[in-house]
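Beneath this line is the structure, given in structure tokens, with notes to follow.
The values are calculated or read from the model by the stated rules, or taken from the named source; none is laboratory data. Worth saying up front: this structure is predicted, and the values here are computed from it rather than measured. Methodologically, a virtual Cβ is constructed for each residue, glycine included, from the backbone with ideal geometry; neighbour enumeration extends over all protein chains shown. When the accessible area is computed, the model is the full protein with side chains, heavy atoms only, and any ligands, DNA or RNA have been set aside. Shrake-Rupley method; radii C 1.70, N 1.55, O 1.52, S 1.80 Å.
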Amino acid sequence: MGDNISSMYPSLLSSIKLYKELNAINEDSNRKNIWIDLVRIYYFVLFCHLDIVTTLRAEFRAITIGEKRIHLKYLNVIVTEMIKAMFGFSDDKQCLWKRFNNDAGALLNEKDKVKIEELITKFKETYCNSDSKDCRNYAIHYDDDPLKVYSYLCNLSEEAETEKVSKFLAILHELLLIINKLSYEQQLPLCYLQVTDNSFWERLNVFPDKNHALLSRTRNSVVSYWNTLDSIVKSYNLPNIVEQQFGIEGMSSQLQPLRETIHPGLHLLYIYIDICCAVIAYLSSEHYIERQLNLRHLNVIVYEGFKKLYGFPNSKNNQKEIGKNDNLHFSFWKDILYPCLMSSHNDCLKNKAQEIDSQLQIIADDSTINDDDLRQMSVHIREKRNKDYIPRFTDKLIKMSPFLEMNKALKLLRLLPDIMKLNKEVTNIKYSDVKVFQDRKTESMRNQLEGMRDLILQSCKDNSVQESINESTNKLLSLLNF
């Protein structure tokens, strides 16, 4: 895969340069349009292949299960976006492969076309369903219920994901064979253009890590945070286990308000772990474009993690999404933590909450973090209809600064410990509310038991029976006290 990176990266730059030169030709002909689409398919295949092998190499280098799972989740995102852009999920006539078939069908060998179509159909039937869409969303957007994200991560299989990616890479390989054959026949110089020397950016964008100290500390952090994540989820699931083991009904539903206070803490842990894994992938990369693609992951994590934690109220995309999906606007801070803290009678907590809220708002207004355009290019391959992100995004990707991206992540990380402390306070507040409710319910049950005992004792004259009733009732009362 490292050898592929070395050969495909220059080819990607060459194809993008050719694409720009073809678009600059002042001519409207079918031949020119076919050439442009052929070049587009070529850089789609190259970019997607580079993206996949970058993520796979990070996964293979990972030394803990938690770190491996974080990288595996991105494979599904890459494949889903490529399928959508190149082949479509339904009868999307705007997808690139169908457009190319319509415009250049006569140039394609029928046997080659049938082979590609069969591979795509089989792949979609096997891997493209509603579950794959949910998995893609968990990987990028997280979820209002972090337990769904945890369950998704724990169910990831290295064997299953790598098998899926292998089958998809086989499709890309067949496409590459067709492209090379057509480019030779059409005398289209896909890989023979002199590209701009990027050595300046490669020398400039180097993040120092003396003696791999940062890499080592970050790997230790992943282990620590993942263990904490496992421990919290076990505590969360304890009421369900008690219900099943002892046949007690309603415990988990009664404790749900308290359990939901754990959700923001889980989300904060996901941000920590995701950022750490992206940093590890960057620091352990061997090629420049590999490092830059991992920086892109870091950028997406900071954007999406903060969006779910707090939100970007002034973002253009946020305004477009209003009314489409209310879940996209859910904020752990605004909808759970901040209202609870501000409704408490503790002025210190209120002051701290207001201070954190102000700092979160500063991040939300930071144009280097709240960058809708960069986020869209970092996740999607196509912008709309017949327009691609890859040429424009690749230019940005080459120049992306590790110092700027690390600093953006650091701005968020500095706030997370304080938010975690406030999250514990919210749990305590909710626990007090639940305890008051439980105490009232317990007192009511105690009064009912004592009333029933008195009625029974009044109607019963046998002393031995009275003693037995007293003993049984006292045991029940002691259980209520417990």
>> What FRET efficiency comes out for residue 237 versus residue 410 if R0 is 25 angstrom and r is the Cβ-Cβ distance? Round to the nearest 0.05.
In response: 0.15
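Pulled fully out, how much extra length does the chain show between residue 185 and residue 418, if you take 0.36 nm times their separation in residues and subtract their Cα-Cα distance? Please report the intermediate quantities before stating the final value.
Details: separation 233, 0.36 × 233 = 83.88 nm, distance 6.29 nm.
Between residue 185 and residue 418, full extension yields an extra 77.6 nm.
Determine Rg/Rh for the range 22-94; Rg is computed over alpha-carbon atoms and Rh is the Kirkwood hydrodynamic estimate from the same atoms. If you can, show how the numbers build up before the last one.
Details: Rg = 17.2 Å, Rh = 14.6 Å.
Rounded to two decimals, Rg/Rh equals 1.17.
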>> Compute and list, largest first, the equivalent-ellipsoid semi-axes of the range 7-62 from the alpha carbon gyration tensor, each √(5λ) rounded to a whole angstrom.
In response: 31, 10, 6
> Looking at this model, which pairs from 308/430; 68/421; 111/384; 32/387 are more than 24 angstrom apart at the alpha-carbon?
Replying inline: 68/421; 111/384
> Between residue 94 and residue 1, 0.36 nm times their residue separation minus their Cα-Cα distance comes to what?
Replying inline: 30.3 nm
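Among 71, 329, 141, what's the order by accessible area (1.4 angstrom probe), most exposed first? It would help to have the intermediate numbers written out before the result.
On the way: 71 10, 329 65, 141 40 Å².
Of 71, 329, 141, the descending order of accessible area is 329, 141, 71.
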>> How large is the translational diffusion coefficient of the range 139-237 in µm² per second when you combine the Kirkwood radius over alpha carbon pairs with Stokes-Einstein at 4 °C and 1.567 mPa s?
In response: 67 µm²/s
>> Between the range 220-239 and the range 70-107, how far is it from one alpha carbon centroid to the other, in angstrom?
In response: 38 Å
>> Out of the chymotrypsin sites (Phe, Trp or Tyr not before Pro) in the range 122-201, which ones are loop residues according to DSSP with at most 11 other C-beta atoms within 10 Å?
In response: 192
> Which order do 219, 203 take by accessible area at a 1.4 Å probe, largest first?
Replying inline: 203, 219
>> Quick query: amide H of residue 382 versus all other amide H atoms, modeled in the peptide plane; which residues come in under 5 Å with a sequence gap of 5 or more or a different chain?
In response: 389
> Considering only 18, 70, 29, whose Cα is most displaced toward the positive end of the charge dipole of the range 1-70, charges sitting on Cβ of Lys, Arg (+1) and Asp, Glu (-1)?
Replying inline: 70
